[in-house]
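Here's the structure, in structure tokens; my notes come after.
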Amino acid sequence: MDNSKVSKSRLRRDSLFESQILPAEQVSGDRAPFDQKAYYTITSKTSERLKDLIKNSRKTLLTIAVSLMLGALLVQQATAQSTQISVIPVDLEVGPSPPTDPFTINITLTDFTGVYTWQTRLNYNPALLNVTGASYPSDHIFAGKTTSPVSPVIDNAVGYVLFGNSLVGDEPGINGTNVVLCQIEMRGVGAGVGNLTFHTGVGGTFLLDADGDDIAFTANSGEVTVVPELSSVLLAVFFLVTALAAVIGKTYYDKYTKRCG
């Protein structure tokens, strides 16, 4: 084969080398002697461009890495701010005359992703409130799934109820919003305002994904007002005032009718 007929198209073309392709005469060892000066010139320019490429690539990789880290941080913060566990209704009035009839509150979860396991510990003032039971409603977060249910732990001496549930097997976790985790049945045993707060420390309220990692959340408390019974003194005063008002009213009525008559 005649090397003099080797064209530029046979050489590797690249954006770095496109302007530095040797003519066919320099490719062929038969037609042109080795030009050392030209060789070093091309090699030097190529090296500089390679250095620039590596430098720019490092900058690009660093930028991508920083962007990914910031993105992950923002997602984590957004998750922590949006996922909320709450007592519903937030403010409830029961009574009068404790002990009251039983009433029910919901523990709900909003704006969540990948929930595989949950546990909640709800604290309350046992002088005002007692828990009589805890259950999963028919539309609870894991409805229709295979789960590992547990029995609630109720302590009306200390004032807390501990309850939870978990999926079983190869499940990715549940996504959703405004879903009920459980229902707590209570009754008022003393007059006053009782706070319902989530314990989020060790052994308290938590959410886990399928890998057993914590899911960040915000806990929102509730409040129950137990209306007091009217005391016997207040009832006596009420009836006395009512009786006096009736007597005074009748007296003025009799005087008015006499004048008109």
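Among the residues of the range 69-94, write down those that are surrounded by 12 or more Cβ atoms within 10 Å (Cβ to Cβ) and at pLDDT below 95.
Looking only at the range 69-94, we keep the residues that are surrounded by 12 or more Cβ atoms within 10 Å (Cβ to Cβ), and these are 78-90, 92-94.
Correct list: Ala78, Thr79, Ala80, Gln81, Ser82.
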Query - the range 159-210 - residue that is touching a Gly at 6+ places or on another chain (Cβ under 7 Å) and charged (D, E, K, R) and, of those, farthest from Phe142 (Cα to Cα) - result: Glu185
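Residue-wise test of (1) in a loop (DSSP other than H, G, I, E, B); (2) crowded, with 17+ Cβ neighbours inside 10 Å; (3) touching a His at 6+ places or on another chain (Cβ under 6 Å); (4) modelled with pLDDT of 95 or more.
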{"position": "Pro96", "(1), (2), (3), (4)": "yes, no, no, no"}
{"position": "Thr100", "(1), (2), (3), (4)": "yes, yes, no, yes"}
{"position": "Ile105", "(1), (2), (3), (4)": "no, yes, no, yes"}
{"position": "Arg121", "(1), (2), (3), (4)": "no, yes, yes, yes"}
{"position": "Pro126", "(1), (2), (3), (4)": "yes, yes, no, yes"}
{"position": "Thr132", "(1), (2), (3), (4)": "no, no, no, yes"}
{"position": "His140", "(1), (2), (3), (4)": "yes, yes, no, yes"}
{"position": "Pro172", "(1), (2), (3), (4)": "yes, no, no, no"}
Query raised in the report: Which of (1) surrounded by fewer than 18 Cβ atoms within 10 Å (Cβ to Cβ); (2) more than 17 Å from the chain's Cα centre (by Cα); (3) in a strand (DSSP E or B) is the odd one out, the single condition Val202 does not satisfy?
Result: (3)
Query - Search result, residues across the range 80-94 that are in a loop (DSSP other than H, G, I, E, B) and under 25 Å from Glu229 (Cα atoms) - result: Pro89, Val90
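Based on this model, can you work out whether Thr117 counts as among the β-branched types (Val, Ile, Thr) and either crowded, with 17+ Cβ neighbours inside 10 Å or over 20 Å from Gly204 (Cα atoms) (or both)?
Details: among the β-branched types (Val, Ile, Thr): yes; either crowded, with 17+ Cβ neighbours inside 10 Å or over 20 Å from Gly204 (Cα atoms) (or both): yes.
Against the criterion (among the β-branched types (Val, Ile, Thr) and either crowded, with 17+ Cβ neighbours inside 10 Å or over 20 Å from Gly204 (Cα atoms) (or both)), Thr117 qualifies.
Identify all residues within the range 101-151 that are aromatic (Phe, Trp, Tyr) and under 14 Å from Leu167 (Cα atoms); write none if there are none.
Tyr116, Trp118, Tyr136, Phe142
From Tyr116, Tyr160, Tyr136, which residue is of a type in the set (Ser, Thr, Tyr) and over 22 Å from the mean Cα position of the chain (by Cα)?
Tyr160
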Report task. Among the numbered conditions (1) crowded, with 17+ Cβ neighbours inside 10 Å; (2) hydroxyl-bearing (Ser, Thr, Tyr); (3) under 21 Å from Asn220 (Cα atoms), tell me where Thr147 comes up short. Result -> (3)
Requested in this report: Could you give me the residue pairs with C-beta distances under 7 Å whose first residue belongs to the range 100-111 and is more than 30 Å from Ile215 (Cβ to Cβ), whose second residue is outside any strand (DSSP E or B) wherever it lies, and which are 6+ apart or on separate chains?
Outcome: none
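The values are calculated or read from the model by the stated rules, or taken from the named source; none is laboratory data. Keep in mind that this is a model prediction, so the values were computed, not measured. Glycine also receives a Cβ, built like all others from the backbone with ideal geometry; neighbour counts cover every protein chain displayed.
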